[in-house]
1. Name every residue in region 106-121 that is part of a loop (DSSP other than H, G, I, E, B), among the small types (Gly, Ala, Ser) and at pLDDT 90 or above, in order of residue number.
2. Confirm whether ILE105 is under 21 Å from LYS20 (Cα atoms), β-branched (Val, Ile, Thr) and exposed (fewer than 15 other Cβ atoms within 10 Å of the Cβ).
3. Could you list all residues from region 65-80 that are in contact with a strand residue (DSSP E or B) (Cβ under 6 Å, 6 or more places away or on another chain) and outside any helix (DSSP H, G or I)?
4. When you go through HIS103, HIS99 one by one, which is the residue that is touching a His at 6+ places or on another chain (Cβ under 8 Å), outside any loop (DSSP other than H, G, I, E, B), closer than 25 Å to ILE55 by Cβ and not acidic (Asp, Glu)?
5. How many residues, within region 66-87, are within 23 Å of ALA13 (Cβ to Cβ) and without any contact (Cβ under 8 Å) to a residue 12 or more places away in the chain?
6. Can you pull out every residue in region 59-86 that is under 19 Å from PRO115 (Cβ atoms) and surrounded by 17 or more Cβ atoms within 10 Å (Cβ to Cβ)?
Amino acid sequence: MAESDCLFCKIVAGQVPTTKIFENDSVIAIMDISPWTMGHCLVIPKTHAATIWEITEEDAVEVMKAARKLAAAVKKAFRPDGLNLLQSNGHAAWQSVGHFHLHLIARWFSDSLIPPVVASEGNPKSIAANAQRIVEALG
């Protein structure tokens with residue numbers, strides 16, 4: 001099912017030009033048009049789902065299968081020092097296209113990317129309380 005105003009649905013349908021690098025029955029992989037580093041690409045399920053909360057388990061599995069295959073290809077093609085997988089959900093989490101997608105971002109010690117946050121040690125009691133809320137929500 002496609003959304004008529006969704007950029008990635010239009011790419012999947014062949015209505016918007018892109019640089020496709022992989023495709024199967026469930027997903028398409030394309031080069032990012034605003035790459036953060038060499039080899040930055042996206043894995044997109046063909047069925048529209050806006051976020052992790054909407055994507056089916058089957059499509060999520062297919063995205064990860066394709067990501068593993070593409071990660072190996074990126075490693076072989078570019079020999080990066082590392083690789084980030086980035087998946088954002090909602091505008092507050094920096095999602096810019098409302099269709100679930102996974103970024104593969106090759107990383108080098110010499111690249112100019114910096115972490116978006118600096119981690120600091122949390123309060124153990126708050127961490128335990130938050131863990132309990134999640135466990136309870138799992139049912």
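1. SER110, SER112, SER120, listed by residue number.
2. no
3. PRO80
4. After ruling out the rest, the residue left standing is HIS103.
5. Number satisfying all stated conditions: 0.
6. Selection gives PRO80, LEU83.
Each row is one residue, and each column tells you yes or no for (1) out of contact with any strand residue (DSSP E or B) (no Cβ under 6 Å at 6 or more places or on another chain); (2) crowded, with 19+ Cβ neighbours inside 10 Å; (3) closer than 18 Å to GLN95 by Cβ.
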| residue | (1), (2), (3) |
| --- | --- |
| LEU7 | yes, no, yes |
| LYS10 | yes, no, yes |
| ALA13 | yes, no, no |
| GLU23 | yes, no, no |
| MET31 | no, no, no |
| TRP36 | no, no, yes |
| ILE44 | no, yes, yes |
| THR51 | yes, no, yes |
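The values are calculated or read from the model by the stated rules, or taken from the named source; none is laboratory data. It should be emphasised that the depicted structure is a prediction, and the values quoted were computed from it without experimental measurement. A quick note on method: Cβ atoms are made from the backbone with ideal geometry, for glycine too, and the neighbour counts reach across all protein chains shown.
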